[in-house]
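Just so it is clear, none of the values below were taken in a lab; they were calculated from the coordinates. Just so it is clear, the structure is predicted and the values come from calculations on it, not from any experiment. All Cβ positions, even for glycine, are placed from backbone atoms using ideal geometry, and neighbour counts span all protein chains on display.
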Amino acid sequence: MNKKMMAILFASGNESKLNELTLHRTTASLPFAGRYRLIDFALSNFVNSGVTRIGIITRNNYSSLMDHIRMGRDWDLNRKNSGIAVFPPFGLNTSRDVYKGKIEALYTVLDFLEKAPEDYVCVSNSNIASNIELDAILEEHIARGADLTMLCHKANVTSSKRVIITKNEQDVVTDICQVEIPSTEEKLVSLNIYIVRKDLLVSWVEQAYARGYVDFEKDILFREVENGKIYAKEITTYAAIVDDVKTYYNQSMKVLNDDVRTELFETGRKVYTKVKDSVPTIYGNKASVSNSLIADGCVINGTVENSILFRDVRIEEGAVVKNSIIMEHGVVMKGGQIGYTITDKSVVIGANRQISGSEDYPIVIVKNKKV
Amino acid sequence: MQVKKECVAMLLAGGQGTRLGALTRKVAKPAVPFGGKYRIIDFTLSNTINSDIDTIGVLTQYQPFDLNQYIGNGQPWDLDRLEGGAFVLPPYQKAKSGEWYKGTANAIYQNIDFVDRYSADYVLILSGDHIYKMDYNKMLQYHIAKGADCTIAVQNVPIEEASRFGIMNTDSDDKIFEFEEKPKHPKSTKASMGIYIFTWAKLKKYLIEDELNKASHNDFGKNIIPNMLNAGEQMYTYDFKGYWKDVGTISSLWEANMDILDNDSGINLSDSDWKIYARNTAEPPHFVGSGAKISNAVVSEGCVVQGEVVNSIISRGATIEKGAIINDSIVMPNAVVKAGATVNHSIIGWNAIIESDAKVGSYQEKAIAGEWQIAVVGPNVTVASGEVVKAGAMLEEDN
């Protein structure tokens, strides 16, 4: 156990790019891999690394998140000392809106940071699905005498705004840039998970806030690079950054790969989530399922291929589900057929209806919709 | 002073369950896995909380570690309470004496102080080896309305099977006038389910008297109930009509698991108004591989199924490799069935490994209820590659 590090988790970000999927929720509470929400991976990494003081900064639509986390018991975070602190949107008296960027958001929780006894902070986005040994990375961070360690992985920048890192052989970050334009070239991409000395973070944020800076990466990290104490730590196992519908679909489908599941779930460091007491899944006589990830509580009597079914999904006789993601309480009725489709919670596909997207543009059906 | 509880439940979980053989060598019967993700005791614990009874003593004695750890503070069943909740009650040393629980009645006798602490008016006596969903609160209201001293839950069983049970003979008002344990010539079909509600003051009196009788077995069925009946106490039967099964034998444990696959059995675990809770082990969803075939089966979290599964229960964390065939069987948590192995009419214990091309059990067309020849591979046992385990055989761990 380490009592050295605490954590700040940003629950929001990129909601606009996830369109229908984040109409009713934060990115943090986006369902992922059959029974999880994205934030489960961050919370589990913290708990498995002995980080138990966690502040979650929310901005909008955070009721689904509050409902998911409750008192944090499912992650063993209902502690007498430390545990989870959720910070609802906090408008400073001096500004009319809720915070604009990470700097302002961190400024609103300076008190929480300063009062805590831990010397280090993990500042993280909550849209990353990965199983990361943060305690080992912290030890490395301390041994190197780093100011800040940026976690990153090699990836194709196929979509959205990503922070690209350049480092030297000693893993010292030599340049940071933000890329808006997708390219097929493999780059070292920041996972937006940072480990940083707390006193340093506090002084950076105070100074940046005083100067009216907004962007943590551009206005703080980029300026600090020249001091040579920003390090990069490459994560070589599966790590997914989910920030638009396409990456959500592609990264979800990767979990059907045996190696990816091993890296996510078979590390001896469990991924925890809210317990819902669903019954085990029941397969009927007409079920035909292959290459699929199936959560508890499903009743399957149709065909399911290359798909992910969340908890309590019902696939009726003669229904065909291919290359699709069906979230909790979804139903595909008799003879219904869907392909390359993401159905949000409690979507019902009527009997004999056919819906098909394509691999590049999966169709998203919004929560509670009856098709 | 403790907050008063109208009714306290006492769950008898101390029995060895010898008839389950290898499965209960190291754990108590109530801790045996059931239905893919449950343990047998989950049904009584869930019934208790679903019946708005929030104080329950679990009396353990035989191999208690696993059960103690499983129950913990009772949180999975919402039984972690400021006042009341779940308590594991093992036998303990008292000022003048200290002894094991001698019988079911003695177990309650030794915990009179526990019930008194909550100033309970009524005590619900349960056993931890039955699979059923029952609203105890309805039975309690019945007990109160009848002004009964003791109410015994009964099920109507076919007359030809009645001689296997404790049979209650009642008048037209359900008042018990006679109790017969496994009668050769049953006069009624009301079989005791081993679920009793007593008015506590009355039971306490009989427990104390029974304890003084050195010849007594200190057993509810053999002593307390007959004694109360002889003394003319107000004793009634309470008819329970839903699914109920005693899973005390390998054959009945197998049958009860198979009932989950039968929509007409009445067990229905998916009832959202009467959830069965279990301690969660945080496993990922199960994965079904490309060559898998699953039909009429239950598959739980954390499983990887690459082979063929028909009419079977695959419990959490189990692995069924490519080319393995599972028919009419129960594969318990974290067991592994390797490539090419066949399993028919069997129970594969938790953490057991069936090596490739082994053959466990054999297919049976039909059997009389309770008389299936189920092969049992005990927990942690490895069946070697190519080995044959006959129908009805039982393999155990060495020590």
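So what's the angle, to the nearest 10 degrees on a 0 to 90 scale, between helix B:41-50 and the longest Cα principal axis of chain B? Tilt relative to chain B: about 50 degrees. Against chain A, whose longest principal axis comes from its Cα atoms, helix A:38-48 is set at around 60 degrees. Packing here is the average count of other Cβ atoms within 10 Å per residue, and on that basis the peptides A:234-241, B:5-12, highest first, run B:5-12, A:234-241. Which shape class, rounded, prolate or oblate, goes with the range B:1-158 when its Cα gyration tensor gives a ≥ b ≥ c as root eigenvalues, a/c under 1.5 marks rounded, and past that a/b bigger than b/c marks prolate? The shape class here is rounded.
Summing +1 for each Lys or Arg and -1 for each Asp or Glu among the other residues whose beta-carbon sits under 13 angstrom from that of B:PRO333 gives +1. Extension gain for A:VAL179 to A:ASP119 (0.36 nm times residue separation, less C-alpha to C-alpha distance): 18.4 nm.
The C-alpha radius of gyration of the range B:235-294, expressed as a fraction of 2.2 N^0.38 Å, stands at 1.57. For the peptide B:292-304, the mean number of other protein chain Cβ atoms found within 10 angstrom of a residue's Cβ is 6.
Peptide B:278-284 has a mean shielding of 6, counted as Cβ atoms of other protein chains within 10 Å of each residue's Cβ. The rule of thumb for compact globular proteins, 2.2 N^0.38 Å, goes into the C-alpha radius of gyration of the range B:24-104 1.16 times. Checking the a/c ratio against 1.5 first, then a/b against b/c, what shape does the Cα gyration tensor give for the range A:129-228? Oblate.
Per-residue mean of foreign Cβ neighbours for A:293-301 is 5 (Cβ atoms of other chains, 10 Å radius). For the range A:331-371, the Cβ-based charge dipole about the Cα centre amounts to some 320 debye (Lys, Arg positive; Asp, Glu negative; other atoms uncharged). Each peptide among A:142-148, B:246-252, B:69-75 gets the average number of other Cβ atoms lying within 10 Å of its residues, and from highest to lowest they stand as B:246-252, B:69-75, A:142-148. Calculated FRET efficiency, B:SER172 to A:LYS274, Cβ-Cβ distance, R0 = 45 Å: about 0.30 to the nearest 0.05. If you run the Gaussian network model on chain B, springs between alpha carbon atoms under 10 Å, then out of B:LYS184, B:LYS102, B:LYS322 the most flexible one is B:LYS184.
Residues considered: A:THR184, A:THR166, A:THR27. Largest GNM mean-square fluctuation over chain A, using C-alpha springs under 10 Å, is found at A:THR184. Peptide packing for A:302-311, B:112-121, A:105-114 was compared via the average number of neighbouring C-beta atoms within 10 Å per residue; ordered from the highest value, the list is A:302-311, A:105-114, B:112-121. In the elastic network of chain B, a GNM with C-alpha springs shorter than 10 Å, the most mobile of B:GLY317, B:GLY35, B:GLY103 is B:GLY103. If R0 is taken as 30 Å, the Cβ-Cβ distance between B:LYS102 and B:GLU181 corresponds to a FRET efficiency of 0.95. The modelled label-to-label distance between B:GLN2 and B:SER163, using points 7 Å beyond Cα along the C-beta direction, is 4.5 nm.
Between B:PHE65 and B:ASP116, residue separation times 0.36 nm minus the direct Cα-Cα distance comes to 15.7 nm. In order along the range B:318-331, the Karplus-derived 3J(HN,Hα) couplings, from 6.51 cos²θ - 1.76 cosθ + 1.60 at θ = phi - 60°, round to 7, 10, 10, 6, 4, x, 6, 10, 10, 10, 6, 9, 10, 9 Hz, and Gly and Pro are given as x. Structural descriptor for chain B: relative contact order 14 percent, calculated from alpha carbon pairs under 8 angstrom and at least 6 residues apart. Determine Rg/Rh for the range B:214-373; Rg is computed over alpha-carbon atoms and Rh is the Kirkwood hydrodynamic estimate from the same atoms. When Rh is taken as the Kirkwood radius, the ratio is 1.12. Estimated at 0.36 nm per residue, the fully extended path between B:ALA369 and B:GLU387 surpasses their Cα-Cα distance by 3.6 nm. Please state, rounded to one decimal and in Å, the Kirkwood hydrodynamic radius that chain B gives when every pair of distinct Cα atoms enters the mean of 1/r. One over the average 1/r among Cα pairs gives 22.1 Å for chain B.
In terms of the Cα gyration tensor, with a ≥ b ≥ c the square roots of its eigenvalues, is chain A rounded because a/c is under 1.5, prolate because a/b exceeds b/c, or oblate? Prolate is the answer for chain A, as a/c is 1.5 or above and a/b outweighs b/c. Please identify every one of the GluC sites (Glu not before Pro) in the range B:97-190 that sits in a loop by DSSP and has no more than 16 other beta carbons within 10 Å of its own beta carbon. For GluC sites (Glu not before Pro) across the range B:97-190 that sit outside H, G, I, E and B with at most 16 neighbouring Cβ atoms in 10 Å, the list reads B:GLU99.
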